[in-house]
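To start, the structure itself, in structure tokens.
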Amino acid sequence: MVIRKKFSSKYEAGWSDADELLLCLDTGSWRTKRPVVDKEKCNYCGLCALYCPPQCMLNLEDYFAPNLDFCKGCGICAKECSRGAIAMVPEGEFADEGAKR
Amino acid sequence: MKVRKGEIKVITGNAAAAYGAMLCRPDVVASYPVTPQTEVGEQLSRFHADGILDAEMVEVEGESSSMNITAAATLAGGRAFTATSSWGLMFMYDAMLQAAGFRAPVVMANANRETPGILAVSCGQQDMVSTRDSGWVLIVVENCQEILDSVIMAFRLAEDIEIQLPVMVNYDGFYLSYLAEAVEIPAREDVDQFLAPLKLQPERTKLVPERPLGCGTHGILVEFMELRYKHCAALERAKRKLDEIDQEFGEFFGRSYGGQIEEYRTEDAEIVVLASGSAAGTARMVIDTKRAEGLKVGLIKLRVFRPFPRERLTQALKGKKAIGVIDRSVCFGWNCGPIYMELRALSPDIGFVPMMSFIDGLANMDISIPHIERVIDEVYAASQGKSYQEVTWIPLEE
């Protein structure tokens, strides 16, 4: 069999390096609603980060905020936040930001 | 090089599979009992208890676990062995597909048994046929000695850097799994030497804590197609590799099986019977009888079902006047035998001669001498230009 093209992966099987294919899967583009954290209401309890399935809530020292490259917008953080500090805002409202994130 | 003669023991087919695995020094063994394969795991546990098998024996709660554990062990760079049959094979099917997709070089013994539907605790190749499109290498063997030898060869094939594929060694359940016959068991050091070339190859990619890697974590669009492309290419390479390994095995141990197919008296044959598994042994005897009567008939034993030995079969069958295929399973939706269906796909290569499908031996029915005589007689009549029936369910049609 002649290999006609250059492969994107150097591996024979489905391996991926941590800094290449593994982390570049663009799950952020699947999101229809975005969690927006109200810094005033957030008491830094960390429940949202504990419950986040892909563990993408970033610890920003005095509050938490999602990494929008990976957040799929499931809304579990907003549901679990006992202070109601996280609002799920439709992505359409961020359309003027230009980028899909 | 030729090695010293091994020890001859009278053992069952299941024990032969276990001996083959033990001699290859696997790091991990995990198998769940299912009739008629249970004895493989028992025998391996006995080896472990006796201190001659230094493997991690994982007690699993089902076949899905046994496949996932052995596949993971190979991805961590180890050598792993498992065994199953029929319902167990179906229960691990998703894990089998994962193992193939991950290119995990697991070796598995499968004692062929009929598949679920009717509770058929009996021999049939339907379980293997059901895994046709799993991406595994499917080897089919004829007797207890070939089981042992094929397990050893399977490790050489599976772990080869150019192949990296899981390999299943299939043998007829009941007929071979419980049949005790004399088997030559090679010395450990000789098997070590036979497997030594694997150590000279570049190391295959594996999971180690120092270097984090993902496996199967991506794979949409082009990356997925790329993996499928590489997988198909590896299966193509496996064909020639099988022939080479078989030849090398012959030079080492004095036994070889023809690689992808074994040709028996086919050279000057006008008609050919294609069979696989234990039925090939019976067929060989009948061929001799018919030859003595002056009939120019030959036998081809199919030794590998996936990848399908297209080139070797074409070469062996070109110019023959008629071909009969004996299948111990059915091809649903085509109303014929699966090996027959595959052979028909080679018609443009071989030539459009009469090809006939004979379904026999389902659920422990004997593929007997009179049955094979009948196959040869009918194929011969077709080769003489007589009209013929394409598909025959031998025991149902007098």
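The values are calculated or read from the model by the stated rules, or taken from the named source; none is laboratory data. All values derive from a computational prediction rather than experimental measurement. No Cβ is skipped: glycine too gets one built from the backbone with ideal geometry, and neighbour counts run over all protein chains shown.
Can you tell me which of B:393, B:334 is exposed (fewer than 14 other Cβ atoms within 10 Å of the Cβ) and of a type in the set (Phe, Trp, Tyr)? Outline the logic, then answer.
Details: B:393 fails: exposed (fewer than 14 other Cβ atoms within 10 Å of the Cβ).
When all the criteria are applied, what remains is B:334.
Condition check ((1) more than 13 Å from residue B:95 (Cβ to Cβ); (2) in contact with a strand residue (DSSP E or B) (Cβ under 8 Å, 6 or more places away or on another chain); (3) loosely packed, with under 15 Cβ neighbours inside 10 Å) across all residues:
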residue	(1), (2), (3)
B:35	yes, no, no
B:44	yes, yes, no
B:51	yes, no, yes
B:63	no, yes, no
B:66	no, yes, no
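Quick one: residue B:203 ticks every box in (1) assigned to a loop (DSSP other than H, G, I, E, B); (2) surrounded by 14 or more Cβ atoms within 10 Å (Cβ to Cβ) bar one, so which box is it?
The failed condition is (2).
Evaluate the following for residue B:289: is it farther than 25 Å from residue B:243 by Cβ, of a type in the set (Val, Ile, Thr) and assigned by TED's automatic domain parsing to the domain that holds residue B:356?
Details: farther than 25 Å from residue B:243 by Cβ: yes; of a type in the set (Val, Ile, Thr): yes; assigned by TED's automatic domain parsing to the domain that holds residue B:356: yes.
Considered against the rule, which asks whether it is farther than 25 Å from residue B:243 by Cβ, of a type in the set (Val, Ile, Thr) and assigned by TED's automatic domain parsing to the domain that holds residue B:356, residue B:289 comes out as yes.
Got a sec? Which of A:35, A:54 is at pLDDT 95 or above and either outside any loop (DSSP other than H, G, I, E, B) or within 14 Å of chain B (Cβ to nearest Cβ) (or both)?
Working: A:54 fails: at pLDDT 95 or above.
Exactly one residue qualifies, and that residue is A:35.
Tell me which of these residue B:269 doesn't satisfy, since it passes every other one: (1) under 21 Å from residue B:309 (Cβ atoms); (2) within 14 Å of chain A (Cβ to nearest Cβ); (3) surrounded by 14 or more Cβ atoms within 10 Å (Cβ to Cβ).
In the conditions (1) under 21 Å from residue B:309 (Cβ atoms); (2) within 14 Å of chain A (Cβ to nearest Cβ); (3) surrounded by 14 or more Cβ atoms within 10 Å (Cβ to Cβ), residue B:269 misses (2) alone.
Give me a count of the residues in region B:308-324 that are within 17 Å of the chain's Cα centre (by Cα) and buried (at least 20 other Cβ atoms within 10 Å of the Cβ). Break it down stepwise before answering.
Let us first name the residues in region B:308-324 that are within 17 Å of the chain's Cα centre (by Cα), namely B:308-310, B:312-313.
Now drop any that are not buried (at least 20 other Cβ atoms within 10 Å of the Cβ), which leaves B:308-309, B:312-313.
Residues flagged as within 17 Å of the chain's Cα centre (by Cα) and buried (at least 20 other Cβ atoms within 10 Å of the Cβ) within region B:308-324 amount to 4.
What number of residues in region B:55-79 are farther than 16 Å from residue A:14 by Cβ, over 21 Å from the mean Cα position of the chain (by Cα) and of a type in the set (A, V, I, L, M, F, W, C)?
Residues in region B:55-79 being farther than 16 Å from residue A:14 by Cβ, over 21 Å from the mean Cα position of the chain (by Cα) and of a type in the set (A, V, I, L, M, F, W, C): 6 in total.
Could you list, in sequence order, the residues of region B:354-368 that are under 19 Å from residue B:299 (Cβ atoms) and touching a helix residue (DSSP H, G or I) at 6+ places or on another chain (Cβ under 8 Å)?
Here is the first cut: in region B:354-368, the residues under 19 Å from residue B:299 (Cβ atoms) are B:354-361, B:366-368.
Correct list: B:354, B:355, B:356, B:357, B:358, B:359, B:360, B:361, B:367, B:368.
Based on what the data block shows, is residue B:126 assigned by TED's automatic domain parsing to the domain that holds residue B:77, closer than 26 Å to residue B:252 by Cα and not charged (D, E, K, R)?
In short, no.
Could you say which residue among B:223, B:236, B:293, B:251 is touching a Leu at 6+ places or on another chain (Cβ under 8 Å) and either free of Cβ contacts under 8 Å to residues at least 24 places away in the same chain or within 26 Å of residue B:156 (Cα to Cα) (or both)? I'd like the intermediate steps shown before the answer.
On the way: B:236 fails: touching a Leu at 6+ places or on another chain (Cβ under 8 Å); B:293 fails: touching a Leu at 6+ places or on another chain (Cβ under 8 Å); B:251 fails: touching a Leu at 6+ places or on another chain (Cβ under 8 Å).
Of B:223, B:236, B:293, B:251, the one residue that is touching a Leu at 6+ places or on another chain (Cβ under 8 Å) and either free of Cβ contacts under 8 Å to residues at least 24 places away in the same chain or within 26 Å of residue B:156 (Cα to Cα) (or both) is B:223.
Looking only at region B:189-205, count every residue that is modelled with pLDDT of 95 or more and facing chain A (nearest Cβ under 9 Å) and tell me the total.
0
Criterion first (in contact with a Lys or Arg (Cβ under 8 Å, 6 or more places away or on another chain) and over 15 Å from residue B:300 (Cα atoms)) does residue B:338 satisfy it? Even if it seems obvious, please write down each step before you answer.
Working: in contact with a Lys or Arg (Cβ under 8 Å, 6 or more places away or on another chain): yes; over 15 Å from residue B:300 (Cα atoms): yes.
Here the answer is yes, as residue B:338 does meet what is asked.
With the condition kept exactly as written, say whether any residue in region A:66-86 is at pLDDT below 95, not in a loop (DSSP other than H, G, I, E, B) and not β-branched (Val, Ile, Thr).
Yes, region A:66-86 has at least one match.
Look through B:35, B:84, B:12 and report the one residue that is at pLDDT below 95, closer than 26 Å to residue B:179 by Cα and out of contact with any Ser or Thr (no Cβ under 6 Å at 6 or more places or on another chain). If you could, list the steps in order and put the result at the bottom.
Details: B:84 fails: at pLDDT below 95; B:12 fails: at pLDDT below 95.
On inspection, the qualifying residue turns out to be B:35.
Of the numbered conditions (1) in contact (Cβ under 8 Å) with a residue 60 or more places away in the chain; (2) within 14 Å of chain A (Cβ to nearest Cβ), residue B:129 satisfies every one except a single condition; which is it?
(2)
Working carefully through the options B:147, B:161, find the one that is at negative phi, within 14 Å of chain A (Cβ to nearest Cβ) and touching a residue at least 12 places away in the same chain (Cβ under 8 Å). Before the answer, list the steps.
Values: B:147 fails: within 14 Å of chain A (Cβ to nearest Cβ).
Exactly one of B:147, B:161 is at negative phi, within 14 Å of chain A (Cβ to nearest Cβ) and touching a residue at least 12 places away in the same chain (Cβ under 8 Å), namely B:161.
If a residue must be buried (at least 18 other Cβ atoms within 10 Å of the Cβ), closer than 28 Å to residue A:97 by Cβ, modelled with pLDDT of 80 or more and within 14 Å of chain B (Cβ to nearest Cβ), how many such residues does region A:1-32 contain?
0
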